[in-house]
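This report concerns only the one structure given below.
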Protein chains: 2
Amino acid sequence: MTNAQKSLVLLSGGQDSATCLAIALQQGDVHAVGFDYGQRHRVELQAAGRLAAEAGVAFEVIELPIISQLTTNALTRHDQVIEVKSGELPSTFVDGRNMVFLTFAAIRAKQLGIQRIYSGVCQTDFSGYPDCRDVFVKSLNVTLNLAMGYDFVLDTPLMWLTKADTVRLMANLKRLDWYRLTHTCYDGQVPPCGQCPACKLRAAGFAEAGIADPLLDAQ
Amino acid sequence: MTNAQKSLVLLSGGQDSATCLAIALQQGDVHAVGFDYGQRHRVELQAAGRLAAEAGVAFEVIELPIISQLTTNALTRHDQVIEVKSGELPSTFVDGRNMVFLTFAAIRAKQLGIQRIYSGVCQTDFSGYPDCRDVFVKSLNVTLNLAMGYDFVLDTPLMWLTKADTVRLMANLKRLDWYRLTHTCYDGQVPPCGQCPACKLRAAGFAEAGIADPLLDAQ
């Protein structure tokens, strides 16, 4: 009773999830979901909505205010500084965030009869976030299947790509223009601040690929 | 920087979680958490609060309204009938419920520097719920540890006990009187309806143990 032609895409509104959306659409229909967890850069949800509209797919926002209530981190709290100290988890790490997102995505996917779930999670630029690692995603896939008695497939096509690889992939998919709709800046600024770790990582990827960022062109 | 003397207990207010609370208190301090997910039998949260007060431990309710929004089941929807059909998941199954509860409990435990998490989940009377199985809990333990880079211990002391075993265990712990504070009925009725699967399971356990249920004595 599953729909093998349809997939669910975690659409944060960033560059990686936009790329996953383009990949997923090559396989068939897509149901996209985003998460509102009180993130500073909530503007990314608007970006996700614009991407979904451009792609012509359904987009649903799942409300998870409990994440910002339970954890203290620089992504949801304005009184925390965004920084990375050697040997420590980055201050932007939200404990369990990807696990919670993928778990709720799976609950929704099962409701819709969907098995395949795309996430742009990437170990190559994981920046010390333990829940961006491939071993975590594989373990989670097993746990989800046991939890719900269902054969989910967690598909993470960007896991081992560099940011430059991802940009080149999107160029090959002829969807480079979608990047103009994305949001990356952790600080929620439009145009992007250019200084936060997320902005710097994005800029380095486009530079290495030798491709101009359509987001900056659009400003 | 963990507190080896302290544990977190998932306290639903039912018989099994009350037993876990008694077990955990033998090891040291306890922080108890309950979940409000729009369950019909929300009265169980009051039972959990009474148990925590009796035991003298902190009790925190985590709000997860999203669970009842995402899933259709007889535990949260009044328009669904509570029933069990042969070969199907029971209509009371909330997809991913134990996984979501244990994941948020783990996020909170890490914040508090706690490693050990007690849950009254039990395979012996699992009634077809896949997320009550031991293999699921063990898989989840690995996934949580990978997700957060932390050494959680999911402790499920009732996993292989019958309901009668649990009643006897509580008698040995000299906490049988706590059962008068518990709530079991799925339909949220006080006094219990006596007809739903949860009420029947409870009654059978006390009968087999040859011990009177303090909850019924209290009516």
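Against the 2.2 N^0.38 Å scaling, with N counting residues, where does the protein assembly as shown land? I'd like the Cα-based Rg ratio to two decimal places.
On the way: Rg = 23.4 Å, N = 438, 2.2 N^0.38 = 22.2 Å.
In units of the globular-protein estimate, the protein assembly as shown measures up at 1.05.
Below 8 Å between Cα atoms, with a sequence gap of 6+, how large is the relative contact order for chain A in percent? All intermediate terms of the calculation are to be shown ahead of the outcome.
Numbers: 379 pairs, mean separation 50.5, N = 219.
With pairs under 8 Å counted, the relative contact order is 23 percent.
Which longest run of chain B has no exposed loop site in it, a site being trypsin sites (Lys or Arg not before Pro) in a DSSP loop with at most 16 other beta carbons within 10 Å, and the site itself not part of the run? Mind dumping the intermediate values first?
Working: sites that count: B:R42, B:R77, B:K85, B:K174.
Segment B:86-173 is the longest.
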**Request:** Can you give me the span-like helices of chain A, meaning DSSP H runs with 15 Å or more of Cα extent along the axis and Kyte-Doolittle mean at or above 0.0?
**Result:** A:15-27, A:43-55, A:97-111, A:134-148, A:197-209
**For B:V190, distant residues with modelled amide H under 5 Å away** = none
**Request:** With the cut-off at 27 Å, report for region B:7-212 the share of all Cα pairs above it, as a whole percent.
**Result:** 25
**Prompt:** Can you list the residues, at least 5 places off or on another chain, whose amide H is less than 5 Å from the amide H of B:T124, using H built in the peptide plane?
**Reply:** B:L161
**Request:** Calculate the spin-label point distance for A:Q189 paired with B:Q195, positioning each point 7 Å from the Cα along the beta-carbon direction, and give it in nanometres.
**Result:** 6.5
**Prompt:** Which FRET efficiency, nearest 0.05, do B:L112 and B:D151 yield, Cβ-Cβ r, R0 22 Å?
**Reply:** 0.90
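Helix-only mean residue ellipticity at 222 nm, chain A, DSSP H runs n ≥ 4 weighted -39,500 (n - 2.57), per residue, nearest 500. What is it? Walk me through the intermediate numbers first.
On the way: 8 runs with 89 residues, N = 219.
Mean residue ellipticity, 222 nm, calculated: -12500 deg cm²/dmol.
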**Asked** Residues with amide H under 5 Å of B:S7's amide H, sequence separation 5 or more or different chain, H placed in the peptide plane at 1.01 Å from N; which?
**Response** B:D29, B:V30, B:H31
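Normalised radius of gyration for region B:96-142, please: alpha carbon Rg relative to 2.2 N^0.38 Å, two decimal places. Let's see the in-between values first.
Values: Rg = 11.2 Å, N = 47, 2.2 N^0.38 = 9.5 Å.
Computed over Cα atoms of region B:96-142, the ratio equals 1.18.
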**Item:** Within straight-line cross-link reach of B:K110, aspartates and glutamates at Cα separation under 13 Å, skipping those fewer than 8 residues along the same chain
**Value:** A:D95, B:D151
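Quick note: the coordinates plus some simple rules give every number you see, no bench work behind them. What you see is a predicted model; the values in this text were computed from it and never measured. Positions of Cβ are generated from backbone atoms using ideal geometry, with glycine treated the same way; all protein chains shown enter the neighbour counts.
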